[in-house]
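For reference, the structure is listed below as structure tokens.
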Amino acid sequence: MAFLVERWFYTRVLLGQALSWARAPAACLNFNCMLILLPVCRNLLSLLRGSIQYCSRTAARQLDRNLTFHKLVAYMIAFHTAVHIVAHLFNFEFFMDAQLKRNSSYLPFILSEIGTGDNASFLNPIRSNETSPTIVMFTTIAGLTGVAITLALILIITSSMEVIRRSYFEVFWYTHHLFVIFFIGLVFHGYGRIVRGQTPGSLRTNRPDRCANRFDDWGKNESDCAVPEFAGNPPGTWKWVVGPMILYVCERLVRIYRSHQKVVITKVVMHPSKTLELQMKKKGFRMEVGQYVFIQCPSVSRLEWHPFTLTSAPEEDYFTAHIRIVGDWTQALYEACGGDKPEQQEAWKLPKVAIDGPFGTASEDVFRYEVVMLVGAGIGVTPFASILKSVWYKHIQNNQEVFTKKIYFYWLCPETQAFEWFADLLQSLERQMADRDMADFLSYNIYLTRWKETEAAHFRVHHEAENDPITGLKQKTLYGKPNWDNEFTSIASKHPGSKVGVFLCGPPQLGKSLEKQCLSHSEADVKFIFNKENF
Amino acid sequence: MGKIEWAMWANEQALASGLILLTGGIVGVAGQFRGWEFAAYAVAAGVFVCLLEYPRSKRAKGTSMERSGQYCFTVCVKSFGPLTRNYYVRAFLHAGICVPGGFMLATVLGCVCLAIASLIYLAAAIRGEHWEPILPRKDSRKPVAESIKNPPQNPPPRPPPETRRKQAKDVEAAAYDNPMTVTDDE
């Protein structure tokens, strides 16, 4: 909509530049509000990802960063809202000015008087001088919806700050649902048609370039300028947001449908490292390596769904998730599964759960690389548990030709207890690989990044033991952080001419340093391609 | 929502409200709107609220994330003692501060946001939360023992990794002479 044309001439007489300053962010807001719902349609993204993968792996990888995109669009919405509001503050002030300066040789006042009789062809939405901008704001549709949606936006933003999101997830999640109010208000924001321009019919009888100065003569018999008439634009925001809103509704319906499908917990394992392992079965459930699901437990909370990476391989007939007990919801789930009771829980006493997913992340791409570097920090090792198991099954059960020839696995861990459940997996893999003479296939390095003085003494004493004192594995645990430069250089020299996929599940700082290493070590013959998990 | 500390959210909301009040006030004064006196008040009130809310409180449970450069603000806010420690006082203070903002369009948004922050602080106060300053931790480590003054002069009496691996399989071939004679410390 161009606001610098003839139709808006008289409006600009009243408002000056502030009209354009308000309409421009409004147009941007239409666009951004359309975009914001799309990155959070998980099922749609999974579908897209699956089909795009066949064309271009790079394009599919961009879909991993959907949350980053959602946040960027949110920042833009906040910024444009601020500009829009400031401009409208000026607009309201100018409208009020025009009503208050009651001087018949003042064009803005004359313009404000138009339409007083029929209340339809007016220009100035403030219809009398006995009101104030604040009152007008609360008595117009645009004003009321504007206040409502801005408040909703501000509450959403303050509860989405990292501090609140990481520590009090429920506040973040429930407050975020104010977006429903936001979108409803947004659609109705323009229904009052408060921004008014000259009607095309009126433009023929009153051309602003000729008639603007002769406003004393408007409507008089001998002048060729009739009194101008104004009307508002029909609301246009709904055209932008209706599509994504429908898509999002479909997304939520899919999630509800999935949640009603029956999921049975077949086994519950309590690991000492405050980790709960749930083994589940669901009819028709199919997964790929490294995918994640959302788990809901109605007896704990009807409205919360939390994501957990699947730690089982697709070849197994059940699926498992290892859940670390860190907050309210996980603690309640632990108690519902009988974690705090000394004896085992009866099978029929286990809580009902619902699963949404599985959703894909970068780990699906692991098998497309000939050489792979997997780096997991602490609990971030979970997607790789799934990959290692799957690789194993592929080799022994089906004897499939697996494209991946060599896996380098790095596990960085701050405490010894967290090793425990994963160490079991590595131990069994180690044994089986030794049996089949495949020790070369997987090269793993475990780094203990923090330790206490007392533990250090124990390590020193048991240094010569055949099995590592912490993990029980033949491969010794290393202490401190890995020297990535050396690691990358040695891998580059061992595998010239190949593409090495680097997969990380861990903190962002580690991601940045690995990304830098990938870039600096990617020379002519060997390319390191960096993939990051998105949680 | 058992373990939620409402004060953390109230703090974010109040800080945002302070900024919004400040912005609304600046617009009102710069544009010389009618009622600009309220806008001037909003500028002062906004700055005050921002200064009061900038230092984050220490969390009752878990690690507290400081805002950058908040230490000097922490010291100032701490010096008011019970006035700033108690969240009832803060709730009523914010409720009072926000009222004049409601008289002018430019500051209405800041007023409503601050009122909401005041309500959340009231909820925090009812649950017994209070403001704790985040002060730098005094390191109370034991003084380093005398013998650990100098870095080791000699190589460790341990064979290198290759030889260690050999030891497991073939004891004879892994015979290794230490470069230095190994003696007991005492």
*What order do A:Arg12, A:Arg324, B:Arg90 take when sorted by accessible area (1.4 Å probe), most exposed first?*
A:Arg324, A:Arg12, B:Arg90
*Lysine pairs in region A:261-359 with alpha-carbon atoms under 22 Å apart, 8 or more places apart or on different chains: how many are there?*
22
*Solvent-accessible ranking of A:Lys274, A:Lys262, A:Lys101, largest area first, probe 1.4 Å*: A:Lys262, A:Lys274, A:Lys101
*Only Lys, Arg (+1) and Asp, Glu (-1) charged, at Cβ; the protein assembly as shown dipole about Cα centre in debye*: 1100 debye
*asked:* Charges on Cβ only, +1 for Lys and Arg, -1 for Asp and Glu, centred on the Cα centroid of region B:1-113; of B:Leu22, B:Pro100, B:Thr74, which one is farthest towards the dipole's positive end?
replied: B:Thr74
*What is the Å³ per residue value for the convex hull set by the Cα atoms of chain A?*
209 Å³
*For an R0 of 22 angstrom, estimate the FRET efficiency from the Cβ-Cβ distance between A:Ile141 and A:Ile246 and round to the nearest 0.05.*
0.40
*Grab the DSSP H runs of chain A that are 4 residues or longer, score each as -39,500 (n - 2.57), total them, divide by all residues and round the 222 nm result to the nearest 500 deg cm²/dmol.*
-14000 deg cm²/dmol
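Within region A:322-404, report the chymotrypsin sites (Phe, Trp or Tyr not before Pro) that DSSP leaves as loop and that have at most 12 other Cβ atoms within 10 Å.
A:Phe403
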*Pull the list of chain A cysteines that no other Cys approaches to under 4.7 Å, Cβ to Cβ.*
A:Cys28, A:Cys33, A:Cys41, A:Cys55, A:Cys250, A:Cys297, A:Cys337, A:Cys413, A:Cys505, A:Cys518
*For a label point 7 Å along the Cα-to-beta-carbon line of B:Met65, residues of region A:143-163 with backbone N under 18 Å*: A:155-163
*For A:Glu162 paired with A:Ser105, estimate the spin-label separation in nm (one decimal), with each label point 7 Å from Cα along the Cα-to-Cβ line.*
6.3 nm
*How many percent of the accessible area of chain A is carbon or sulfur, using a 1.4 Å probe?*
58 percent
*asked:* At a threshold of 8 angstrom on Cα-Cα distance, excluding pairs fewer than six apart, so keeping six or more, what relative contact order does chain A reach in percent?
replied: 11 percent
_To the nearest hundred square angstrom, how large is the accessible surface buried between B and A, total for both chains, probe 1.4 angstrom?_
2800 Å²
*Would you kindly derive the ³J(HN,Hα) couplings of region A:279-292 from the backbone phi angles with the Karplus curve 6.51 cos²θ - 1.76 cosθ + 1.60 (θ = phi - 60°), listing them in order in whole Hz, with x for Gly and Pro?*
9, 10, 9, 8, 5, x, 7, 10, 9, 10, 5, x, 7, 10
*What whole-number value in Å² describes the accessible area per residue of the protein assembly as shown for a 1.4 Å probe?*
52 Å²
*Which is farthest toward the positive dipole end of the protein assembly as shown among A:Ala24, A:Ala492, A:Ser390, measuring Cα position about the Cα centre, with Cβ charges +1 (Lys, Arg) and -1 (Asp, Glu)?*
A:Ala24
*Looking at A:Ala59, A:Thr134, A:Ile85, which one has the Cα that reaches farthest to the positive end of the dipole of region A:17-134 (charges on Cβ: Lys, Arg +1; Asp, Glu -1)?*
A:Ala59
*By how many degrees, 0 to 90 and rounded to 10, does the Cα axis of helix A:420-435 deviate from the longest principal axis of chain A?*
50 degrees
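The values are calculated or read from the model by the stated rules, or taken from the named source; none is laboratory data. Predicted, not measured: the structure shown is a model, and the values here were computed from it. Backbone-built Cβ (ideal geometry, glycine too); neighbour counts: all protein chains shown. Heads up: the accessible areas ignore ligands, DNA and RNA and are worked out on the full protein's heavy atoms, side chains in. Shrake-Rupley method; radii C 1.70, N 1.55, O 1.52, S 1.80 Å.
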